[in-house]
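To keep things clear, I will list the structure first and then write my remarks on it.
The values are calculated or read from the model by the stated rules, or taken from the named source; none is laboratory data. Worth saying up front: this structure is predicted, and the values here are computed from it rather than measured. Here the Cβ positions follow ideal geometry from the backbone for every residue, glycine too, while neighbour counts run over all protein chains shown.
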Ligand code: GUN
């Protein structure tokens, strides 16, 4: 089998078009444009690039955005105070702190400082908890983008074995929660693998849907998957490559050539999950502005 491509660029474009149309009609009804506040701590080049992609997407769909760049020496208390100001600001609908943040700051303390009604990343325990019990919430953007891809390409999840490699709060854990919920985009049997998993292949080989979100180029090879598997590669690592102008290329967690020989569907890197994450952030920011999830 040779895999078909799950085209994240095309699908993200559709999602963004639909958000842009909704923003336009929201503004035509007399409301102000939605506003996303991005907070970037320090100068991690990859984080700066992701934030750039997010703010360009905002501009593209008619969402206002502002990026506050803070020094990596900022204390946790100072950072939570900055967040508090945005929580109280009526003109700010969504707040996003780009991760990772410097090691002296506890990510969950910062995330909990964000008003859950403005938590467009869906990382606040209130949103994670509500997602776990199937209540309306902000869903984290990458898992929500993965679910949207499976839905768009009519890939069934009901009764399938979904194996998630990587147990992060950002991707792996919420992806497994969403896939196991009893709704139309869930009903899968889920396995979460992580760094303590003893025999990774034992699990990946039985996956009907394999989601890999580790950040380790080439971790999953063709020998580790079964014929017909649907592969979602969330990894996006910069690997030095002096034949390119930038001096690096982006590489997923799967060995694309060998895995795509066996898979029925596969996401490319780049151009798979990444654009979907950004598109779902646009959707969440619009929901926040409309107070659709938490009316008040
Ligand atoms: N770092 C990697 N992915 C994400 C994301 O979806 N949101 C934020 N805030 N930081 C990230």
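Look through the range 243-260, keep the residues that are under 20 Å from residue 45 (Cβ atoms) and out of contact with any strand residue (DSSP E or B) (no Cβ under 9 Å at 6 or more places or on another chain), and return whichever of them is surrounded by the most Cβ atoms within 10 Å (Cβ to Cβ).
244
Looking only at the range 223-251, count every residue that is in contact (Cβ under 8 Å) with a residue 60 or more places away in the chain and part of a strand (DSSP E or B) and tell me the total.
So the count comes out to 4.
I'm trying to understand the selection: among the residues of the range 34-48, which are under 28 Å from residue 88 (Cα atoms) and surrounded by fewer than 16 Cβ atoms within 10 Å (Cβ to Cβ)?
43, 48
When residue 61 is evaluated against the numbered criteria (1) under 27 Å from residue 173 (Cα atoms); (2) more than 16 Å from the ligand (Cβ to nearest atom); (3) under 19 Å from the mean Cα position of the chain (by Cα), which criterion, by number, is the only one it fails?
So residue 61 meets the others, but not (1).
Quickly run through the range 64-111 and pick out the residues that are within 30 Å of residue 27 (Cα to Cα), without any contact (Cβ under 8 Å) to a residue 60 or more places away in the chain and in a loop (DSSP other than H, G, I, E, B).
89, 90, 91, 92
Output the number of the condition that residue 197 fails; it satisfies all remaining conditions of (1) closer than 19 Å to residue 154 by Cα; (2) in a loop (DSSP other than H, G, I, E, B).
Of everything listed in (1) closer than 19 Å to residue 154 by Cα; (2) in a loop (DSSP other than H, G, I, E, B), residue 197 misses just condition (1).
Among the residues that make up the range 119-130, is at least one of them more than 19 Å from the chain's Cα centre (by Cα) and either at pLDDT 95 or above or in a helix (DSSP H, G or I) (or both)?
no
Looking at (1) within 30 Å of residue 248 (Cβ to Cβ); (2) touching a helix residue (DSSP H, G or I) at 6+ places or on another chain (Cβ under 8 Å), which is the only condition residue 33 fails?
(1) is the only condition that residue 33 fails.
Of all residues in the range 138-179, count the ones that are assigned to a helix (DSSP H, G or I) and surrounded by 17 or more Cβ atoms within 10 Å (Cβ to Cβ).
Selection size over the range 138-179: 18.
Give just the number: which of (1) within 14 Å of the ligand (Cβ to nearest atom); (2) surrounded by 17 or more Cβ atoms within 10 Å (Cβ to Cβ); (3) more than 19 Å from residue 16 (Cα to Cα) does residue 94 not satisfy?
(3)
Restricting the first residue to the range 136-161 and requiring it to be within 16 Å of residue 172 (Cβ to Cβ), which pairs with a second residue that is assigned to a loop (DSSP other than H, G, I, E, B) and within 15 Å of the ligand (Cβ to nearest atom) meet a Cβ separation below 6 Å and a spacing of at least six or different chains?
These pairs meet every condition: 139/122; 140/122; 142/171.
Checking residue 177 against (1) free of Cβ contacts under 8 Å to residues at least 40 places away in the same chain; (2) away from the ligand (no atom under 15 Å from the Cβ), which test does it fail?
Here residue 177 meets the rest and fails (1).
Kindly indicate which of 263, 288, 240 is touching a strand residue (DSSP E or B) at 6+ places or on another chain (Cβ under 7 Å) and surrounded by fewer than 19 Cβ atoms within 10 Å (Cβ to Cβ).
Step by step, each of 263, 288, 240 is checked, and only 240 is touching a strand residue (DSSP E or B) at 6+ places or on another chain (Cβ under 7 Å) and surrounded by fewer than 19 Cβ atoms within 10 Å (Cβ to Cβ).
Name the residues in the range 112-125 that are away from the ligand (no atom under 12 Å from the Cβ), surrounded by 19 or more Cβ atoms within 10 Å (Cβ to Cβ) and either in contact (Cβ under 8 Å) with a residue 60 or more places away in the chain or closer than 26 Å to residue 182 by Cβ (or both), would you?
Scanning the range 112-125 gives 116, 117, 118.
Just to verify a result, which residue in the range 64-86, among those that are over 14 Å from residue 42 (Cα atoms), surrounded by 15 or more Cβ atoms within 10 Å (Cβ to Cβ) and more than 13 Å from the ligand (Cβ to nearest atom), is nearest to the chain's Cα centre (by Cα)?
Out of the qualifying residues, it is 65.
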